[in-house]
1. Over all directions, how big on average is the projection of the convex hull of the alpha-carbon atoms in the range 8-69, in square nanometres?
2. Using helices alone, I'd like the mean residue ellipticity at 222 nm for the chain: each DSSP H run of four-plus residues gives -39500 (n - 2.57), total over residue count, nearest 500.
3. Residue separation times 0.36 nm, minus the C-alpha to C-alpha distance between Val62 and Ser24: what's the value?
4. For a quick protection proxy, order the peptides 104-110, 58-64, 15-21 by their average other-Cβ count within 10 Å, most packed first.
5. Give the residue from Gly37, Ile93, Leu80 lying farthest towards the positive end of the charge dipole for the chain; charges sit on Cβ (+1 for Lys and Arg, -1 for Asp and Glu) and the dipole is referred to the Cα centre.
6. If you place +1 on the Cβ of every Lys and Arg and -1 on the Cβ of every Asp and Glu, how big does the dipole about the Cα centre of the chain come out, in debye to the nearest 20?
7. Give me the Debye-computed log₁₀ of I(q)/I(0) at q = 0.12, 0.13, 0.15, 0.19 Å⁻¹ for the chain, equal point scatterers on Cα only, no solvent, two decimals.
8. Would you calculate the separation in nanometres between label points at Lys5 and Leu80, each defined as 7 Å from the Cα along the Cα-to-beta-carbon direction?
Amino acid sequence: MSAPKVFESEYRFCLILWEHEPISSRELSLLCKEKLGWSKTTTYTVIKRLSDRGVLKNENTVVTSLVSKEEVQAAEIDELVEKKFEGSLPAFIAAFAKHKNLSDKELEEIRRIIEK
């Protein structure tokens, strides 16, 4: 099963959560005010929305994630490859490599990952 969809502003919220979890909803709202400029109401709305979608849980005012950053990133890449490259991972990699100057170290790391 793939990770639930996380939209851009929610992703910025999740970055804060992943860095500080488990965290009280009050503390999370303070961090969101500081880092995102969000009101307490906005933060609580996002907590509720992501909880309803299975991205996080809020039990006894303690918020923890149910999906990892890596799972959300992988789902986003899968969606991108499907939408923009007709599901072809080689086409995605070719387009990425063509328009990005990769260092020898980066190329070696990519080769190592592919060989796994």
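Read-outs: derived from the displayed coordinates by stated rules, not from any lab. Bear in mind that the values here come from a model prediction, so they are computed numbers and not experimental data. Note that we place each Cβ from the backbone using ideal geometry, even for glycine, and neighbour counts take in every protein chain shown.
1. 3.6 nm²
2. -20500 deg cm²/dmol
3. Here the answer is 13.2 nm.
4. Highest-to-lowest ranking by the protection proxy: 15-21, 58-64, 104-110.
5. Gly37
6. On the way: 19 positive and 20 negative charges, 75 e Å.
Value, rounded to 20: 360 debye.
7. The Cα Debye sum returns log10 ratios of -0.57, -0.64, -0.77, -0.95.
8. 1.7 nm
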